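The values are calculated or read from the model by the stated rules, or taken from the named source; none is laboratory data. These numbers come from a predicted model, not from an experiment. We place every Cβ from the backbone using ideal geometry, glycine too, and count neighbours over all the protein chains shown. In case anyone asks, the SASA skips ligands and DNA or RNA and just uses the protein heavy atoms, side chains included. Shrake-Rupley method; radii C 1.70, N 1.55, O 1.52, S 1.80 Å.
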Amino acid sequence: MTEIAISAAGSQLADLVRRVAHSRETIALTDHCHVAALLVSPQVVEDLEDALAVADYQRRKAEGTLGPDIPMKEVRRRLGLKQK
């Protein structure tokens with residue numbers, strides 16, 4: 001993960017956003033050497049949300065609290081996830 005001071009990031013913001021968007025690189029913005037925020041690709045966030053949805057499904061399945069079967073397409077729709 002690349003770290004850059006907030007004070008330096010302002011003048012480079014457009015380039016930093018493009019780097020994140022096109023390479024899935026995460027950039028940490030630091031304030032007095034402490035990470036204050038992250039620039040993260042939307043695809044990375046979507047992948048994490050998908051992984052959380054799958055983990056939740058598996059947990060509920062293991063607990064026996066799923067209820068009737070729901071097709072994955074419907075699960076994704078209900079969770080607002082991108083259809084694959």
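Okay, here's what the table says:
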| quantity | calculated |
| --- | --- |
| Distance in nm between pseudo-label sites at Leu48 and His22 (7 Å out along the Cβ direction from Cα) | 2.4 nm |
| Residue-normalised accessible area of the chain, given per residue in Å² at a 1.4 Å probe | 76 Å² |
| Local net charge near Arg24, Cβ-Cβ under 14 Å (Lys/Arg +1, Asp/Glu -1) | -1 |
| Rounded to 10°, Cα long-axis angle of helix 42-63 versus longest principal axis of the chain | 30 degrees |
| Candidate values [x] 14.3; [y] 15.3; [z] 16.6, label of the one derived for Kirkwood radius over Cα pairs in Å | [y] |
| Cα long-axis angle, helix 13-23 against the chain (0 to 90 degrees, to the nearest 10) | 40 degrees |
| Inter-site label distance for Tyr57 and Arg77 at 7 Å from Cα along Cβ, in nm | 1.5 nm |
